[in-house]
Each structure stands twice: as C-alpha cells, then as structure tokens.
2 protein chains.
Amino acid sequence: MTEVVDRPAGKGHKPATTAHPVTDHAQPAVNVDALGRQLLGKWAAVRLQSRDLAGRPELHKIEGMTHSDHRARVSGQLKYLVDNSAVHRAFPSALGGSDDHGGNIAGFEELVVADPSLQIKAGVQWGLFGSAVMHLGTEEHHTKWLPGIMSLEIPGCFAMTETGHGSDVASIATTATYHPETEEFVVHTPFRAAWKDYIGNAAIDGLGAVVFAQLITRGVNHGVHAFYVDLRDPRTKEFLPGIGGEDDGVKGGLNGIDNGRLHFTNVRIPRTNLLNRYGDVAPDGTYSSPIASPGRRFFTMLGTLVQGRVSLDGAAVAASKVALKAAVHYAAERRQFNASSHTDEEVLLDYQRHQRRLFTRLATTYAAGFAHEQLLQKFDDVFSGATDTDADRQDLETLAAALKPLSTWHALDTLQECREACGGAGFLIENRFASLRADLDVYATFEGDNTVLLQLVAKRLLADYAKEFRSVDFGVLARYVVGQATGTAIHRTGLRQVAQFMADTGSVQKAAIALRDEEGQRALLTDRVQTMVAEAASALKGSNRLSQEKGAALFNRHQNELIDAAQAHAELLQWEAFTEALRDVTDPGTKTVLTWLRDLFGLSLIEKNLSWYLMNGRLSMQRGRTVGEYINRLLVKIRPHALDLVDAFGYGDEHVRAAVATGAEKIRQDEARAHFRAQRASGKAAVDEKVLLARTAAGRHS
Amino acid sequence: MTEVVDRPAGKGHKPATTAHPVTDHAQPAVNVDALGRQLLGKWAAVRLQSRDLAGRPELHKIEGMTHSDHRARVSGQLKYLVDNSAVHRAFPSALGGSDDHGGNIAGFEELVVADPSLQIKAGVQWGLFGSAVMHLGTEEHHTKWLPGIMSLEIPGCFAMTETGHGSDVASIATTATYHPETEEFVVHTPFRAAWKDYIGNAAIDGLGAVVFAQLITRGVNHGVHAFYVDLRDPRTKEFLPGIGGEDDGVKGGLNGIDNGRLHFTNVRIPRTNLLNRYGDVAPDGTYSSPIASPGRRFFTMLGTLVQGRVSLDGAAVAASKVALKAAVHYAAERRQFNASSHTDEEVLLDYQRHQRRLFTRLATTYAAGFAHEQLLQKFDDVFSGATDTDADRQDLETLAAALKPLSTWHALDTLQECREACGGAGFLIENRFASLRADLDVYATFEGDNTVLLQLVAKRLLADYAKEFRSVDFGVLARYVVGQATGTAIHRTGLRQVAQFMADTGSVQKAAIALRDEEGQRALLTDRVQTMVAEAASALKGSNRLSQEKGAALFNRHQNELIDAAQAHAELLQWEAFTEALRDVTDPGTKTVLTWLRDLFGLSLIEKNLSWYLMNGRLSMQRGRTVGEYINRLLVKIRPHALDLVDAFGYGDEHVRAAVATGAEKIRQDEARAHFRAQRASGKAAVDEKVLLARTAAGRHS
C-alpha cells in the first residue's frame, strides 16, 4: 500500500516483515541512542535512577484492586522510595537532602510510569506538604518537622482546597484567629463549604497538615497563610480533638491515594505553628511581613508551590510517551484488511488515518517534552537562586500555567487515541491505556484547573500588552491582572518577545510565503497570538469607566477568545522549544527527521486554526488548501522512522508493560500467515466460493 | 455579570437566587413537560417502563467493587430483568415476546443509566446471542434455543471477533468444515490469532454460543456463517471437550461483564446447528443459499445484527443527557470568583467559557437524540417488515454507521467536559462522570470501530455519487464499495438527497447569505458534504486502471478526507433530524428556544469547519468572523433556559445519582453567604488588610 519499511536499513533494528522494498536508500536515519540522550535532558542521571525504580515490580500498579488495598499498597511504596533515597533531593543538604530542585522534579515525574497514584501520593507528601513547610516555614519549622516528613514518620496533608473554593484560593473560608492571651491561633471551619476537600492523605494516613486559612489578628484579616496542624494521634491514628473528616471515597482514578475532607472546630495551635516566612504575628498580635502588598504576598506564597504544576507537566509528557510507544509498536505489527493484495493484509501504521491519529500526537509529545525541559530549567534557575528575581518568578509561573494545561489535556487525548487505535485490545487493562487515562484525568484539574490557568496566562499577555502600549487605556486590567509589579522586565514567557519578533522580521504576510519553513511557521504562530491579544485589549479598552459589574460583564463577553489566545501562546512556546531543541541535534539524519516532526507540529497547529489565518488575511485560500496536503506528505516521510522516534523515549518493557507492545502480535500474525502460506502450497486449501463463481462465469463467457 | 435568572419567571420552577433582575419579561419560556414528552419519542411507554427499572437500587452500579463481585451482581440483575419482563420485546409472540423491535431497543438503551455493564450484558444475551439465533436461525432453532435464551437458562456468547480480526469480520479464521459421513461440522481454531476474543459471557457465564466461522463443504469455503455451539456443561460449568478459553481480565470499564477468549479444537456439532436462514448444507454436503452472491449474503447476515449499533447510539445519547443534567444543575449553583461584586461570587453558568463548554454539547445532545429517534424508527420499519427492501436495509445500515460514531464519541467528550466542568468534585465517583466515561469508552470500538464505520459511510457516499454521474469512471469503487446492488433506489441516508437539495435551491453562495437561518445552515452543511465527496471521487477517478496495490495506495492517500466527508454527512443528518423535530414543537416559547439550540448546533458545526468554508469561497472573511460572535449571542439567549432544557430529558434523581446535582451545593452556598452577611451586619467581621491599606492611603492623600 505504502512503499516503506518500518525502519530504514542499517539502523541495527531488524526491519519489520514487509512485501515492499525500500525505494529510497538515501533516506535519513535516526540515531536513536543520541536522540534518547538528548530527550533525557539536563537531569538525565536522576531520570535514569528514577526509571530504574519505576521499572521494579514492587512499585507497579496492580490493576483490579479495591481502593482500600490499592491505598495500602501505595503507602508501602512510599516507604520503599524513602529506603531507596529517591525523594529527598529538594530538601536542604543539612537535613540529608541535596538542594537539587530540578533533579527532584525530574525524578518525581518519572514515577508516573510505575503508578500515577505513587507519583501523586509522593507529591502530596514531599512536593506539597514537605515543600510548604520548607518554603513557607523558617528554620525552626524545618528542624522540627522536615526530618519526620522526609522519613515518612509524619505522613501529612496539604490542606488548601475547600469544598467551596478550589480555583479561587484567596476566598477560602477557614480562619486562623490569633489570641494573644494564650499565644495561640484558633483554626476554625465556619460552615460546610469551608471543609477542606479532595485532600490527599486526609482520609487515613495524615498525621499532620499544612492548613491554609485566613490569618486574623487584632481584628484584621491578613489573607491566606499556612499553618502547621497536627491531625491525628500518631499512636491511635484517631483525629485529635476538634478535628473531623470524611473519606472522599472511590475516585475516577488515583485510587491509591486516600483523599478526604477535614474540618476544624476551634482547634488551638501554638503561635509558632504559623509558617512565617512571608508573614508573622508577634506574641502581642502584631502582624508583620517582608512583603507589604497583601496581593503580592499571597501570590509569592502560592508561587513557592509552582513545582506541582511543573511535575504534572512532566508526568503528562511521560505518560504520553509510554502510550505512544505501545500504540505505535502495535500499529507496526497489527494487520487488518487486504485492499492492496489478495494474500497480505495492511499494517495499521500504513493507513493514512492511523498515521494522522498517532504521528500528530507524537509530534505534540516531542514539543511538549522539549517545552517541559525548558520549564524545568527555569524552575531550577529560580529555586536554586541562580536567577531569582520577581520577573523570573513571574515568568516561571506564566510558563507553568501555560504548559501544564496543554500537556495534561494532550496526555488524556493521546491516551484515548492510543486506546482507540488499539481497538478492543486497547480497552483491556493489561494494555494500560485506560488505566493511565483514568489516573491522569484529574491532572487537568488539580494544581490549577486548566481553564483557569489559561485565563491567568491571558491576563499576563494583556498586562504585557498594556505595558508596551502605555498610552492605551487599560484601567480595567488592574482589576484582573494581579501580581504584576510595574517596571519589571518582561521576559521570554510573556508577550514582549512576540512583539519583538514581529518588529524584527517585518510583515507576517511576507514571512508566511513559505509556511513549510521555520520562519514562516514562527511568523504565523506568533502573529496569531499578538493579534488576538491586541484585539482583546482593544475590545476591553475603556472598561475602567464602567461599573465593576459592567466591567466584569465586558470581560466575560471576551472570555472565550482570551482563553484561546492563551492557548495559542502556549502552543507557540511549545513550538519554540521544539525549534530550539533542533539546534542541539548534531546527527544530520536525526535532524532531518526531527525537523519533519517539528513541521508536522507547526502545520498541525496552523491547520487547527486555519480559519483564523484565512479570516484575517494571513493565508490565501489557495495556500490554506496546501496545509493539509503538506501534512499528509509529512506523515509518509515520518512513517519509516516512527518506531525509532518512540524508542528514543527510552522506556523499556518494564515501563510500557502493555501486552500489545511485546511483539506477541507479530508472532500471531506470522503464525497466521505461515498457516495460510502452507495451506496454499499444499494445494489442499478450500477454494473460495467467490473465486469459484468468477471461474464459472469466465468459463461461460469464454 | 450577566443579567439573567436561571429560569424565566412563571415557569413553575423556583428561580435560583440571583442579585440580577430579569430584564426582558417578554422572553420565551420552555414548556418542559411538553418538550419532555416529545423527547421520549414514539416508544415513550417502553422508555418510561425501562426508566422505572433503571431507577431501582437493585439495578444500580455499586462503585468500587472488584470485577468479580461486579460480574456476579450484573449476572443477578439479568435475572431481575427477566423477572420483570423487560427484555423479551423483540422475540416472537409465539415464544412470549411481542415482536416489538423498536420498543425493544428503546427499552434496552435506557438501562445504561442504571449501569452500562447491565445494558451491555443484557445486549450480549438477548441483543446479540438471542438475536443471532432469531435472525440467522430458522424455526427449529427458535423453538429449541430461544426459550432458554429468553429465560436465561442458557446464558450465551456472540463469538464473532477474533484476536486477529475485529473490523474485518470476513477474514476471521475459525473454520466449520462439514463431514457428510457423520453429518457434522467440525469447528476448529487453526492458530492463536483465530481465538475468539473480547467475547461477553465467555469467561464465566456462557453455556452456549453462536460461533462465526468459515463454512467449508466439499472443498469450497462459502464464507462466514453462524453456528450454535454448546460451550460448557450446564451442571459443572466446565468447558466441554475441545473447547478452551481465557478470561480477558479487568477492562477499562464494563467490568460487570465477563469478557473472555474461546478456542475450539476439532469440536463436532450436528449439521443442524448451522443457523441456516441465509445458507444451508444438505446432508450430502451440498451448499445452498437464497442469496447467490457470497458478498451480498455476508452483508445480509451481518445486517441483521445492526441493532447493536442502534442501541449504542441511543445509550450514548442517554448517558450524555444524564451527565449534562448533573453538570448544568451544578453550574447553576456553584459560584467561584467575584469579579463583578465585592460580596457575591459568580455562578459558573454565567461564565462565557462555561456556557460554551456545556451548551454546545447540550445542542449536540439534542441533535443526536432526535437523530437517534429517526434511526430507531427506520430500524423498526425494517425489522417489523413495514418497509423492508434492500434499499431500506442499506439506508438503515448507513444511518447506523453514520450516527453511532458521532454519538458515542460525543458521549465520551460530554462526560469528560462535564467531569472537568465540575472540577475536583467531578472526579469523585459519587458524581458518576468518570464511571460512565470509563464504561462508555469502548462504545467507540465495539459493534463497529467508529473510524471503520465512517469509512463505510464514505464508501456509500462515493457509490451514490458514482450512480448519479455514470459517465464518470468509477471502476475503483467496485473494489471498495460492497453490497451496493445496482438499480436500487437511493434513499435519504445517502448522497442523492443532498444533490437533490442543491438542485432545488440553486447556488450555495446565495443561500449562505443568511447563515443564521435554517436554509443558510442547510445550504452550507449540505454543500460541504457534496463538494467533499465530489472532490474525493474526482481524485480517485481512473484508479481502476491502476494495479490493485497502486489503487489501494491512491485510496489510502485520500482516506483522511473521505472519513472527514463521512463525518460531515453524519453531522448533516443530525442537523436535519433536529430541524425536522422543530416542526413537531407546538408551544411557541419552546420552539423559539429549541430553534436557538438548533442554530447553536448548526453554527458550531460551521465554526468547526470554518476553514473549509473560507478556503472554498463559501463564506467571506467578513462573514466568517460573525460566526463566533453569533454563537456567543446564542449562549446568552440560551442561558436562562438551560435548566429547563436538561430537565426536559426526563431523568430523575434516581437516574442522575450525582451528589453535585442534588442541590447540596446551593445549600452550602446559601449557608456561606448567610454567614458572611450576618458577619457584615454584626460589625464584628475582621477588616480586610487590603481595605485597611486603601483607607490608610486615602487618609494620607486627603
């Protein structure tokens, strides 16, 4: 049907059986090992250590367990991680950690391939609970609690979200009111909606918690702060007086984690349990903070917890890679229908639609992976203190808010498409697509709802735009754009670079002439973001003269296009990351193939938004029609390299663990084909009735 | 933020609390009861009976069970259905059925809201196993086996799919070879890929099976036929000699069904176990059939099993309705962020993006529901014998192949969007989105893989096109378009009507002037199908002069666009069904609101494919830009009627069974708001630090 083999010759891989010869011996070859090393990125050593652990049966998810058994198993696995020194990299050297922030995340996110519940429960314990003590607390807190948190002596909760408030953290209703007479805070849940909810470790394991509450002292509410609260008696595991809760029960996935609800009835904690790095209360009740603005203080505190988003971004990419490896390998072996021959059936991966389904997602996975590496680098730069200005922190947050929604949605989409591409087999839990998809479902919600995050990105873009065009009236933005200190430099995650690029290269229309070229793609993708933001800004102009209600209504009428603009921006960041990564590829064959893949990513984005380019005169009708054709040609070019491209992800059978990816399908196909071949050779095969009828008809006519 | 209430005044429903007055008292109101009656359709009585059953706790899915317990529970529920006379409607009156084919499906598909495993396991027993005996067997078989199948004395399997062949049923490899000396067929599995796989009831419960195998007699293979085979000893439940199998294990969902594998080693069955309605073997081995063409015979046999697709289509719509009812009710109560006021937070359903997410899917659900009712009617017409020509059967199959992919994908998309729209709560299994989504996942694959079905539709469209333009060279089509008897009338599910419409109304460009009007939408949607098919046909022209291999390669290069054309056709059929249903609405307010919803559906389709309309000169750039704006206006118009529109689905709390849809959120919100109101009134509320700072700043400046 298509004239390719599964691997170009000379790659060390045995080519899959095919009746078709290689027609172009000059075609490039991917250096799988070198590409694999590049994909491992800066924290390759940690990743490999973590993959070694993730490949061990002790850490694998056992499917079909009850949620109680699964919870118990994952709790035990956390101890295994401690015993194997896998989870303390981010903590201070003084306490046995290694102050390695980027490496810590790289290691965590690889655990998703063992069991997403393990990744997330470990993330709750050390990434959220432990990190909150580390980043929001001060040395006394570190000395007191971090050792027990690190050793798992104190399993704990990160009690921020409430039943009534998830996305809008500033509005949580739990209070911590200071009483100078006893030098205590009273932590209190005023009504049902203020129960903490969806809290990992809350249903069973949590002995302690970092509880987020409105800090009230001397009659003033200083906003959300974090407090260390003991939850349960370590001996009896019973709730301490004043504390109650509920089990969240079975969930759509991640059932190895005991999520639950917590409520507090006038629970007294010592003054010193306030994690006081960004806000403190003196014994007499005087509040003080190194950050004067309550808004900026709140966002600074939340900003220290950005690593959750970073690690979800990386884990989503890892899960996508594992799924694609399984689905592409299966598609290269599985045969169905024999349109092109009487005897041989087609390999699924030779069908155009199948290529579209898998290769476009493969391209996006590469883009998301390279973008994640940049995010991780940025995260490490900030948290190591290498480049830790306000602007750097804002850039980090914008980048995380932009990339996490795209990669988590992409993982769900990829897992589902791979599931469907493997047919009924894809639905069997032994092939893991459905299991991973169920577990990753909530990645689109926690650590920041994807839609809400994209809205944050949109607000940043509007703010950047407003800064650039100060003459324009952007009063309304002040109400929506929070935490944007004036005068800060605008860095690469924001809009400025986009505008800069436009100034550098002149008209988009001109650049777009070669939409297959890097510059053409960049111009089109960049221009779309720029123009969408400018249009939204223009539509919102003058809204500061409206009442708060009418201003909000105006903003709401443009909400959809703002979120679309943010997504376009995030896609551009992914495309730029892919393009930058191409520069680091030295092997010419690999570079050629990866460039096709980057082009496929870029053109898929342009195709998805083709109506915008047409409506806005960026592409002519005629040029628009070439996009789909060019994508189809890229699919054919990429086809011989598909196995190399998924093998370069570096995941072994112990990580993929899918029956469809074991080569069993090829053995079955070979056995079936050998059976029919032998039957034909024996001359004893039953004659097909259709053939018989054709012969009879031919006899009549001759 | 937006000036609406949740319900227009005077509708009997208590309006949700809102600070905003109704600004337009002349706005239409939906007659929920009348609309609900219309949505119940022709088989309203059966649907209501089935919903009564589906609302009973005995039939509800219990979440968190092991798959073994779940299987046992669902097996017991099947007996409950028998005891409640719920599942025999399609069977002959003589045997205690009621020859009611449409009603039978209507009843079955409602069971999905109790537990999709129950729907599907019942479907396996009576819809597949029982139907195969009924439709492929003759009276002797009916008398012998149907009573036991109906009473569940013989739980059984529909053993068609093999590990090696799912979509391409004609190529299954199990053989049934006739031996005249013993008057027996020998059923045999020649290799591993020929094991029956994914077969419901095979792992545990199945005592009998209808096994599909290549019928070989006198050295000729007459193609796939169905054979009745006893699988297990009814007493010991052990496999009979020569039969073996495996459990498919845990699946991504539907774990109440015991799917498994089966293989046969020279299993001898009596000659009379051939279900011989469409093909028989005489004692001496002579084959005979009322259908001379082996191809047509095969498709006739498979065609009798179309009801599986029909019922999946209906069940997918039912699940979408339940999910939307829950998510829309929650969104009308849930509040988050307070952009428009210092004291009150916004209701989620007032956010533009949230409306986009839910209302576009609500519109599609209505469209899919009306289209399903037409499909069910067509099914009943054919199977009752009212209009049962070859052309009618082909139309029925095309319609089912077109609608089932769209509705099942739509259900998955809707369940996921509703899940995400409810945030973390959506992920709790108590809210059922994740559970339903997991169970419905495989609806996209079984009873015909969605992609493969759309390809069948595309081939039908090409065949219709070829018939209409006979002068054109369509030799290649003969190879791909199967079962298209020449000279048959082309009915409404095919392309002819499209062309006819175009001829009737003249140029599309002219009609498109009013894209908000029915005729404008129809012209645009119809023209796209017509043009895409014509373009594909033109691209394939002359392929019959190519070798089989090159012809297949040419076809493959256009596979993606052919599938897109089929989807466009299916969407048009949904749109037409919605539009036809509007004619039956008598209440003017209901008609107005439903027309907005139909417009939202039509314009969403046009928006999704806007690049096509622009590239092909069907819409100007300027007009293209109005599509999104008009959709946004429709969202605002529909907003006040959203609760009525989901309530009209007629599902009660016993069907929805989602904590988010119980009104608990409103109680929590009211309690929280009352708390803060009382606090403000008391004068004892803590002052917000931000307010304090603003006051201080004002004091300094004054």
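The values are calculated or read from the model by the stated rules, or taken from the named source; none is laboratory data. Since the model is a prediction, treat every value here as computed from it, not as a measurement. Glycine also receives a Cβ, built like all others from the backbone with ideal geometry; neighbour counts cover every protein chain displayed. Heads up: the accessible areas ignore ligands, DNA and RNA and are worked out on the full protein's heavy atoms, side chains in. Shrake-Rupley method; radii C 1.70, N 1.55, O 1.52, S 1.80 Å.
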* **Breaking point among (1) assigned to a helix (DSSP H, G or I); (2) surrounded by 15 or more Cβ atoms within 10 Å (Cβ to Cβ); (3) in the same structural domain as residue A:525 (by TED's automatic domain parsing), for residue A:676** => (3)
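Identify all residues within the range B:528-543 that are closer than 14 Å to residue B:572 by Cα and either surrounded by fewer than 15 Cβ atoms within 10 Å (Cβ to Cβ) or touching a helix residue (DSSP H, G or I) at 6+ places or on another chain (Cβ under 6 Å) (or both); write none if there are none. Steps first, answer last, please.
Taking the range B:528-543 first, the residues closer than 14 Å to residue B:572 by Cα are B:528-533.
Within the range B:528-543, B:528, B:529, B:530, B:532, B:533 meet the criteria.
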* Asked: Taking the stated definitions as given, is residue B:393 within 18 Å of residue B:313 (Cα to Cα), part of a helix (DSSP H, G or I) and open to solvent by 10 Å² or more (accessible area, probe 1.4 Å)?
  -> yes
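What is the residue count in the range B:613-660 for residues that are small (Gly, Ala, Ser) and in a loop (DSSP other than H, G, I, E, B)? Steps first, answer last, please.
Here is the first cut: in the range B:613-660, the residues small (Gly, Ala, Ser) are B:617, B:620, B:624, B:628, B:642, B:648, B:650, B:652, B:658-659.
Okay, now just the ones that are also in a loop (DSSP other than H, G, I, E, B), so B:617, B:620, B:648, B:650, B:652, B:658.
Adding up the residues that qualify gives 6.
Would you point out the residue of the range A:578-590, among those that are surrounded by fewer than 21 Cβ atoms within 10 Å (Cβ to Cβ), of a type outside the set (Asp, Glu) and touching a residue at least 40 places away in the same chain (Cβ under 8 Å), that is farthest from the other protein chains (Cβ to nearest Cβ)?
Of all residues in the range A:578-590, those surrounded by fewer than 21 Cβ atoms within 10 Å (Cβ to Cβ) come to A:579-580, A:582-589.
Keeping just the survivors that are of a type outside the set (Asp, Glu) gives A:579, A:582-583, A:585-586, A:588-589.
Next, from what is left, pick out any that are touching a residue at least 40 places away in the same chain (Cβ under 8 Å): A:579, A:585-586, A:588-589.
Details: A:579: 24, A:585: 29, A:586: 34, A:588: 29, A:589: 26 Å.
For the range A:578-590, the residue satisfying everything is A:586.
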* Quick one: which of A:279, A:256, A:223 is out of contact with any His (no Cβ under 9 Å at 6 or more places or on another chain) and within 14 Å of chain B (Cβ to nearest Cβ)? -> A:223
* Could you look through the range B:681-702, keep only residues that are open to solvent by 80 Å² or more (accessible area, probe 1.4 Å) and away from chain A (no Cβ under 13 Å), and pick out the one that is modelled with the highest pLDDT? => B:681
* Structure fact -> By residue number, the members of the range B:172-211 that are more than 10 Å from every other protein chain (Cβ to nearest Cβ), of a type outside the set (Val, Ile, Thr) and part of a loop (DSSP other than H, G, I, E, B) are B:180, B:181, B:183, B:200, B:201, B:202, B:203, B:205, B:206, B:207
* **Answer from B:258, B:197, B:247 - the residue that is open to solvent by 50 Å² or more (accessible area, probe 1.4 Å) and closer than 14 Å to residue B:157 by Cα** => B:247
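Is it fair to say residue B:696 is without any contact (Cβ under 8 Å) to a residue 12 or more places away in the chain, under 30 Å from residue A:225 (Cα atoms) and among the hydroxyl-bearing types (Ser, Thr, Tyr)? It would help to see each step written out before you state the result.
Numbers: without any contact (Cβ under 8 Å) to a residue 12 or more places away in the chain: yes; under 30 Å from residue A:225 (Cα atoms): yes; among the hydroxyl-bearing types (Ser, Thr, Tyr): yes.
When the stated conditions are applied, residue B:696 passes them.
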* Asked: Take the residues of the range A:41-65 that are open to solvent by 40 Å² or more (accessible area, probe 1.4 Å) and part of a loop (DSSP other than H, G, I, E, B): which is nearest to the other protein chains (Cβ to nearest Cβ)?
  -> A:63
* Looking at this structure, is residue B:174 on the phi < 0 side of the Ramachandran plot and buried (at least 17 other Cβ atoms within 10 Å of the Cβ)? -> yes
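Being among the small types (Gly, Ala, Ser), modelled with pLDDT of 95 or more and crowded, with 19+ Cβ neighbours inside 10 Å: is that true of residue A:288 here? Steps first, please.
On the way: among the small types (Gly, Ala, Ser): yes; modelled with pLDDT of 95 or more: yes; crowded, with 19+ Cβ neighbours inside 10 Å: no.
Against the criterion (among the small types (Gly, Ala, Ser), modelled with pLDDT of 95 or more and crowded, with 19+ Cβ neighbours inside 10 Å), residue A:288 does not qualify.
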* Listed residues A:191, A:239; which is without any contact (Cβ under 8 Å) to a residue 40 or more places away in the chain, in the same structural domain as residue A:71 (by TED's automatic domain parsing), among the aromatic types (Phe, Trp, Tyr) and touching a helix residue (DSSP H, G or I) at 6+ places or on another chain (Cβ under 7 Å)? -> A:191
* Taking only pairs six or more apart or across chains, which ones have beta-carbon atoms under 9 Å, a first residue in the range A:557-573 that is at the interface with chain B (Cβ under 8 Å from one of its Cβ atoms), and a second residue that is hydroxyl-bearing (Ser, Thr, Tyr)? -> A:557/B:2; A:559/B:351; A:563/A:451
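Out of the range B:105-163, which residues are among the basic types (Lys, Arg) and open to solvent by 10 Å² or more (accessible area, probe 1.4 Å)?
We begin by selecting, within the range B:105-163, every residue among the basic types (Lys, Arg); these are B:121, B:144.
B:144, the sole residue that qualifies.
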* **Failed condition for residue B:313, given (1) assigned to a helix (DSSP H, G or I); (2) more than 27 Å from residue B:440 (Cα to Cα)** => (2)
* Asked: Do you know which of the residues in the range B:538-553 that are more than 10 Å from chain A (Cβ to nearest Cβ) and of a type outside the set (Ser, Thr, Tyr) is nearest to residue B:453 (Cα to Cα)?
  -> B:540
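Right, residue B:454: modelled with pLDDT under 95 and surrounded by 24 or more Cβ atoms within 10 Å (Cβ to Cβ) or not?
Details: modelled with pLDDT under 95: no; surrounded by 24 or more Cβ atoms within 10 Å (Cβ to Cβ): yes.
So residue B:454 fails the test.
Please state which one of B:308, B:279, B:219 is under 31 Å from the mean Cα position of the chain (by Cα) and among the small types (Gly, Ala, Ser). Write out each step before concluding.
Values: B:279 fails: under 31 Å from the mean Cα position of the chain (by Cα); B:219 fails: under 31 Å from the mean Cα position of the chain (by Cα).
The match here is B:308.
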* Asked: What is the one condition in (1) over 30 Å from residue B:436 (Cβ atoms); (2) away from every other protein chain (no Cβ under 14 Å); (3) in contact with a strand residue (DSSP E or B) (Cβ under 6 Å, 6 or more places away or on another chain) that residue B:294 does not satisfy?
  -> (2)
* **Residues being out of contact with any Leu (no Cβ under 7 Å at 6 or more places or on another chain) and either part of a loop (DSSP other than H, G, I, E, B) or more than 14 Å from every other protein chain (Cβ to nearest Cβ) (or both) - total across the range A:330-350** => 10
* **Scan of the range B:144-171 for residues that are more than 27 Å from residue A:673 (Cβ to Cβ), touching a helix residue (DSSP H, G or I) at 6+ places or on another chain (Cβ under 8 Å) and in a helix (DSSP H, G or I), ordered by number** => B:145, B:146, B:147, B:149, B:150, B:151
* residue A:598, sole failed condition from (1) open to solvent by 10 Å² or more (accessible area, probe 1.4 Å); (2) among the charged types (D, E, K, R); (3) modelled with pLDDT of 95 or more -> (1)
* To do: Considering every residue within the range A:615-638, establish whether at least one is over 24 Å from residue B:610 (Cα atoms) and among the β-branched types (Val, Ile, Thr).
  => yes
